[in-house]
Amino acid sequence: MIAFDPTRPKWEQIAAVIRQRITSGDYPPQHLVSEVQLEAEFGVARSTIRKATAALRHEGLLITTPGMGSFVAGPPTE
């Protein structure tokens, strides 16, 4: 678990960590971003993880397929 900054929402901080993992290549394209694993890693409720993944989906970093999960989007096309 990370030490959360009490002045910022937890979902924003979690989204920042996932964003960093995507940009650094720790989470390559098509990598499954598991809500269950993130929930356990960060010690937060599933709704908090879902807010974080929704923000990353809005940014185009994640793609969610109902019944399958959330995956890292491929590199942007130029």
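The values are calculated or read from the model by the stated rules, or taken from the named source; none is laboratory data. Worth saying up front: this structure is predicted, and the values here are computed from it rather than measured. Cβ placement follows ideal geometry from the backbone for every residue including glycine, while neighbour counts extend to all protein chains displayed. Surface areas here come from the heavy atoms of the whole protein model, side chains and all, with no ligands, DNA or RNA. Shrake-Rupley method; radii C 1.70, N 1.55, O 1.52, S 1.80 Å.
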**Asked** Listed residues G74, G43, G25, G67; which is over 13 Å from the mean Cα position of the chain (by Cα) and open to solvent by less than 40 Å² (accessible area, probe 1.4 Å)?
**Response** G74
**Message:** Residue under question is Q13, and the condition is that it be polar (S, T, N, Q) and open to solvent by 30 Å² or more (accessible area, probe 1.4 Å); does it hold?
**Reply:** no
**Request:** Taking T64 as the residue in question, decide whether it is on the phi < 0 side of the Ramachandran plot, in contact with a helix residue (DSSP H, G or I) (Cβ under 8 Å, 6 or more places away or on another chain) and not hydrophobic (A, V, I, L, M, F, W, C).
**Result:** yes
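Inspect all residues belonging to the range 11-21 and state whether any of them is in a loop (DSSP other than H, G, I, E, B) and not acidic (D, E).
Looking for residues that are in a loop (DSSP other than H, G, I, E, B) and not acidic (D, E), one finds none in the range 11-21, hence no.
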**Prompt:** Can we say E78 is at pLDDT below 95 and farther than 15 Å from T23 by Cα?
**Reply:** yes
**Prompt:** Which residue pairs have Cβ atoms under 8 Å apart, sit 6 or more places apart or on different chains, and have a first residue in the range 18-45 that is on the phi > 0 side of the Ramachandran plot and a second that is surrounded by 12 or more Cβ atoms within 10 Å (Cβ to Cβ) and not acidic (D, E)?
**Reply:** Q30/F71; Q30/V72
